[in-house]
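Structure first, commentary second.
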Amino acid sequence: YLPGNAFESNFPNWLYSFSHLESLNLVGNLLQGVISNAIGNLTTLFSLDLSFNRHEWRIPRSLGNLCKLKQIALSRNNFDGEVAQVIRSFSRCMSNGLEWVELEWNYLLGHLPDERGQFKILAYFSIHGNFISGPIPMSIGRLSSLITIDLSNNQLNGPPPQSLGQLVKLERLYISYNLLKGVVYDIHFANLTRLYILDASGNSLTFKASDSWIPPFQIEVLRLSSWQLGPQFPLWLQSQGKLHELDIA
């Protein structure tokens, strides 16, 4: 546990020899260079946080060998490459145990793969601030343990899939500032009884709900700027007694 020490070297190679290491936290240093595939030798790791450094090139595929890994955070580095390859490497032997994936603010490209349905207990998934394009896959509805998902600030397109409504444990949904367009219906929120933050601003979406629709959730933060909600003020907002932040400009 060595966060915030302003180390300016490359990733220390001697760490790769710690064959019984269970947790590695080097967040908030100035580490740079390429992370070797030798990191796959740390097979006892269950927590890895290398966020807020200056690592570059590709996320090593050998991370897929860390079968005991439950939490991985690699945000705010300079990693590039295909996000599908990264997620597929995670889905090898760690798919049944992975709970937390944080890949924010890198240079990841490409499309989200359908393989994400394999992560049975994944609770937190964030790829905020990358260059990921394509539609949100229908398989997202199979991630039944998701509590937080953050896909914001990417280049995702098409309408959100109706399978979002299957995420019964979801509390926080962030899909703002993408290229999403199309129609969203009340079925998109059918089983989201725990949802209390919905941030979907900056997309060209139209919401069509039945006049009698009562949301299954009590939202606290709702950001839907750039959406088409009219022509009349949405009546369903009157049922949201816990709402303390609203942006529908």
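The values are calculated or read from the model by the stated rules, or taken from the named source; none is laboratory data. Since we're looking at a predicted model, the values are computed, not measured. No Cβ is skipped: glycine too gets one built from the backbone with ideal geometry, and neighbour counts run over all protein chains shown. Just the protein is used for accessible areas: all its heavy atoms, side chains included, with ligands, DNA and RNA removed. Shrake-Rupley method; radii C 1.70, N 1.55, O 1.52, S 1.80 Å.
Please specify each residue of region 195-226 satisfying the condition of being of a type outside the set (A, V, I, L, M) and touching a residue at least 40 places away in the same chain (Cβ under 8 Å).
TYR196, ASP199, SER201, ARG223
Applying the selection to region 158-211, what residues are aromatic (Phe, Trp, Tyr) and either open to solvent by less than 10 Å² (accessible area, probe 1.4 Å) or in contact with a strand residue (DSSP E or B) (Cβ under 8 Å, 6 or more places away or on another chain) (or both)?
Within region 158-211, TYR174, TYR185, TYR196, PHE207 meet the criteria.
Is it the case that SER9 is hydroxyl-bearing (Ser, Thr, Tyr) and open to solvent by 10 Å² or more (accessible area, probe 1.4 Å)?
Yes; evaluated as a whole, the condition is true for this residue.
If you scan region 212-236, which residues turn out to be part of a loop (DSSP other than H, G, I, E, B) and either acidic (Asp, Glu) or open to solvent by less than 20 Å² (accessible area, probe 1.4 Å) (or both)?
PRO215, PHE217, ILE219, GLU220, LEU224, SER225, PRO234
In region 83-128, what count of residues is obtained for those that are among the aromatic types (Phe, Trp, Tyr) and open to solvent by less than 20 Å² (accessible area, probe 1.4 Å)?
Residues that pass the stated criteria total 3.
What residue, among those in region 142-157 that are modelled with pLDDT of 95 or more, open to solvent by 10 Å² or more (accessible area, probe 1.4 Å) and over 12 Å from the mean Cα position of the chain (by Cα), is nearest to GLY97 (Cα to Cα)?
Of everything passing the filter in region 142-157, SER145 is nearest to GLY97 (Cα to Cα).
Go through the residues of region 36-44 one by one and say whether even a single one is free of Cβ contacts under 8 Å to residues at least 40 places away in the same chain, touching a strand residue (DSSP E or B) at 6+ places or on another chain (Cβ under 7 Å) and open to solvent by 10 Å² or more (accessible area, probe 1.4 Å).
no
Return yes or no: is HIS55 out of contact with any Cys (no Cβ under 7 Å at 6 or more places or on another chain), more than 26 Å from LEU151 (Cα to Cα) and either assigned to a strand (DSSP E or B) or not basic (Lys, Arg) (or both)?
Judged against the criteria, HIS55 is not a match.
Restricted to region 12-24, and to residues that are open to solvent by less than 30 Å² (accessible area, probe 1.4 Å) and outside any helix (DSSP H, G or I), which residue is modelled with the highest pLDDT?
LEU24
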